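K.L.:
Okay, here's the structure, questions in a sec.
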């Protein structure tokens with residue numbers, strides 16, 4: 001156990017890398033690349049969008065890599081914002097995480113898993129919710145009994161996902177080479193693409209890479225965190241980028257671009273075209289397997305932020321207690337599981353998640369600004385220095401706030417409503433700050 005807090009350092013480089021890659025690779029790459037192909041009307045344009053999205057995600061990972069080598073306390077982005085700016089900024093991140101961003105993702109991914117379970121076993125709406133809740137409780141229990149169990153499960157499932165993706169790629173080129181019309185644009189040939197279309201497609205691509213930062217939440221449970229987490233961030237995002245590019249190559253190698261754009265289940269349609277009927281079953285199993293692994297990492301990481309907030313006096317002290325035997329933030333895990341389950345049961349995760357998730361990019365932009373501010377401090381030492389400084393963080397900052405501006409421009413009411421939910425946390429923060437005795 002860590003001598004300061006009692007965490008067990010069980011996450012090594014393979015586990016941390018699997019946490020990055022496995023959390024990112026969820027259901028979207030197998031279901032709806034149409035969000036990008038529908039906006040960009042050329043094969044070359046589609047690949048450019050995916051490559052740029054991968055590069056920008058890599059830039060974000062580089063920013064996180066340097067910050068993770070400076071601050072090795074549990075909490076990740078929460079800690080970086082708190083240290084670079086003030087505790088209020090960190091609290092807002094944790095506030096948004098618990099009530100919507102993180103638990104909303106857990107609820108959404110669990111429901112996706114449950115819906116595809118219904119492909120094999122017919123389920124009504126209530127039964128879908130119950131399956132989703134059981135999945136949340138199962139992974140929460142695994143992580144309750146030790147980070148080693150959770151990280152090993154994540155590693156095994158991620159390895160399985162990458163293996164399946166490799167099989168799809170090999171089969172696609174082996175069987176697809178016998179099929180006509182590779183990389184055809186189809187009816188898209190006569191359609192134009194505007195700068196706004198490219199931006200919308202790029203934003204969709206960046207959201208498909210979501211979750212890359214979550215490995216930073218587990219710093220105190222990571223072996224040699226100053227070196228391991230930066231390496232995991234870089235290797236994990238590179239693995240995902242290669243997987244995404246290769247899968248899109250197969251999709252476009254097998255099907256014309258206009259069919260890829262109109263598909264809502266691209267993995268199944270590709271499998272149908274390659275092997276005949278049965279693609280639906282293949283896709284359902286693939287999505288279930290992928291979401292099973294993705295939710296494991298998401299559930300593992302979140303409670304570490306709530307634990308760290310409680311340690312800093314920004315949540316009830318009893319949340320910041322580690323299990324005497326397992327060394328896990330068991331109460332934070334329990335709270336996350338309960339709230340995510342409530343979101344599933346009530347269905348409110350859709351509204352909260354869609355309204356608030358864009359604010360994540362405000363915090364990412366601020367995190368990169370924080371890196372620049374921290375570079376000016378003489379008392380800061382780092383185990384890793386980002387190459388290309390200051391251009392990489394500056395480019396990342398511009399992209400983050402472009403995403404936010406675009407969302408506000410296109411959906412002003414939804415955006416401002418979501419932002420108000422996040423900013424409401426300031427009221428709670430100042431209440432807790434001036435009433436610390438009430439939360440001890």
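The values are calculated or read from the model by the stated rules, or taken from the named source; none is laboratory data. Note that the structure is predicted; figures quoted are calculated from it, not measured. All Cβ positions, glycine included, derive from the backbone under ideal geometry; neighbour counts span all protein chains shown.
K.L.:
Looking at segment 240-299, which of the residues that are under 18 Å from residue 35 (Cβ atoms) and either free of Cβ contacts under 8 Å to residues at least 40 places away in the same chain or in contact with a strand residue (DSSP E or B) (Cβ under 7 Å, 6 or more places away or on another chain) (or both) is surrounded by the most Cβ atoms within 10 Å (Cβ to Cβ)?
P.N.:
Among those that are under 18 Å from residue 35 (Cβ atoms) and either free of Cβ contacts under 8 Å to residues at least 40 places away in the same chain or in contact with a strand residue (DSSP E or B) (Cβ under 7 Å, 6 or more places away or on another chain) (or both), it is 255.
K.L.:
Does residue 387 satisfy the criteria of being part of a helix (DSSP H, G or I) and surrounded by fewer than 19 Cβ atoms within 10 Å (Cβ to Cβ)?
P.N.:
On the way: part of a helix (DSSP H, G or I): no; surrounded by fewer than 19 Cβ atoms within 10 Å (Cβ to Cβ): yes.
No; evaluated as a whole, the condition is false for this residue.
K.L.:
Out of (1) crowded, with 24+ Cβ neighbours inside 10 Å; (2) within 14 Å of the chain's Cα centre (by Cα); (3) within 30 Å of residue 165 (Cα to Cα), what's the single condition that is false for residue 100?
P.N.:
Failing condition for residue 100: (3).
K.L.:
Conditions first: (1) more than 16 Å from the chain's Cα centre (by Cα); (2) under 17 Å from residue 418 (Cβ atoms); (3) at pLDDT below 95. Residue 125 passes all but one, so which condition is the exception?
P.N.:
The failed condition is (2).
K.L.:
So residue 352 fits all but one of (1) under 17 Å from the mean Cα position of the chain (by Cα); (2) surrounded by fewer than 22 Cβ atoms within 10 Å (Cβ to Cβ); (3) closer than 18 Å to residue 141 by Cα; what number is the exception?
P.N.:
(3)
K.L.:
Also: Test residue 395 against the stated conditions and say whether it is free of Cβ contacts under 8 Å to residues at least 60 places away in the same chain, in a helix (DSSP H, G or I), surrounded by 11 or more Cβ atoms within 10 Å (Cβ to Cβ) and touching a helix residue (DSSP H, G or I) at 6+ places or on another chain (Cβ under 9 Å).
P.N.:
no
K.L.:
Right, here's the next one. Has segment 112-120 got any residue that is within 18 Å of the chain's Cα centre (by Cα), over 15 Å from residue 302 (Cα atoms) and part of a helix (DSSP H, G or I)? Explain how you work it out, then say what you get.
P.N.:
Step one: list which residues in segment 112-120 are within 18 Å of the chain's Cα centre (by Cα), which gives 112-113.
Going one step further and asking which of them are over 15 Å from residue 302 (Cα atoms), we end up with 112-113.
Within this subset, residues satisfying the condition of being part of a helix (DSSP H, G or I) are 112-113.
Yes; the residues of segment 112-120 include at least one that is within 18 Å of the chain's Cα centre (by Cα), over 15 Å from residue 302 (Cα atoms) and part of a helix (DSSP H, G or I).
K.L.:
Still on this structure, please answer the following. Quick check: anything in segment 336-344 surrounded by fewer than 22 Cβ atoms within 10 Å (Cβ to Cβ), part of a helix (DSSP H, G or I) and more than 20 Å from the chain's Cα centre (by Cα)?
P.N.:
Yes: segment 336-344 contains one or more residues that are surrounded by fewer than 22 Cβ atoms within 10 Å (Cβ to Cβ), part of a helix (DSSP H, G or I) and more than 20 Å from the chain's Cα centre (by Cα).
K.L.:
Filter segment 170-183 for residues that are modelled with pLDDT under 85 and assigned to a helix (DSSP H, G or I); which is surrounded by the most Cβ atoms within 10 Å (Cβ to Cβ)? Walk me through how you get there before you give the answer.
P.N.:
Keep residues of segment 170-183 that are modelled with pLDDT under 85, which gives 171-183.
Those left that are additionally assigned to a helix (DSSP H, G or I): 171-176.
Details: 171: 16, 172: 23, 173: 15, 174: 10, 175: 13, 176: 18.
Restricting to residues being modelled with pLDDT under 85 and assigned to a helix (DSSP H, G or I), the top hit is 172.
K.L.:
For the list (1) farther than 22 Å from residue 8 by Cβ; (2) outside any helix (DSSP H, G or I), I need the number of the one condition that residue 326 fails.
P.N.:
All conditions are met except number (1).
K.L.:
Would you check if there is a residue in segment 342-360 being closer than 26 Å to residue 152 by Cα and touching a helix residue (DSSP H, G or I) at 6+ places or on another chain (Cβ under 9 Å)?
P.N.:
Let us first name the residues in segment 342-360 that are closer than 26 Å to residue 152 by Cα, namely none.
No; the residues of segment 342-360 include none that is closer than 26 Å to residue 152 by Cα and touching a helix residue (DSSP H, G or I) at 6+ places or on another chain (Cβ under 9 Å).
K.L.:
Return yes when residue 322 is touching a residue at least 24 places away in the same chain (Cβ under 8 Å), touching a helix residue (DSSP H, G or I) at 6+ places or on another chain (Cβ under 9 Å) and buried (at least 24 other Cβ atoms within 10 Å of the Cβ) and no when it is not.
P.N.:
No; evaluated as a whole, the condition is false for this residue.
K.L.:
Within the bounds of segment 188-198, is there any residue that is more than 17 Å from residue 24 (Cβ to Cβ), at pLDDT 80 or above and part of a helix (DSSP H, G or I)? Give the steps one after another, and end with the answer.
P.N.:
Within segment 188-198, the first condition is being more than 17 Å from residue 24 (Cβ to Cβ), and the residues that meet it are 188-198.
Restricting the remaining residues to those that are at pLDDT 80 or above gives 198.
Subsequent filtering for residues that are part of a helix (DSSP H, G or I) retains 198.
Scanning segment 188-198, I find at least one residue that is more than 17 Å from residue 24 (Cβ to Cβ), at pLDDT 80 or above and part of a helix (DSSP H, G or I), so the answer is yes.
Here's the yes/no breakdown for (1) closer than 19 Å to residue 432 by Cβ; (2) under 25 Å from the mean Cα position of the chain (by Cα):
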{"position": "315", "(1), (2)": "yes, yes"}
{"position": "330", "(1), (2)": "no, yes"}
{"position": "366", "(1), (2)": "no, yes"}
{"position": "373", "(1), (2)": "no, no"}
{"position": "376", "(1), (2)": "no, no"}
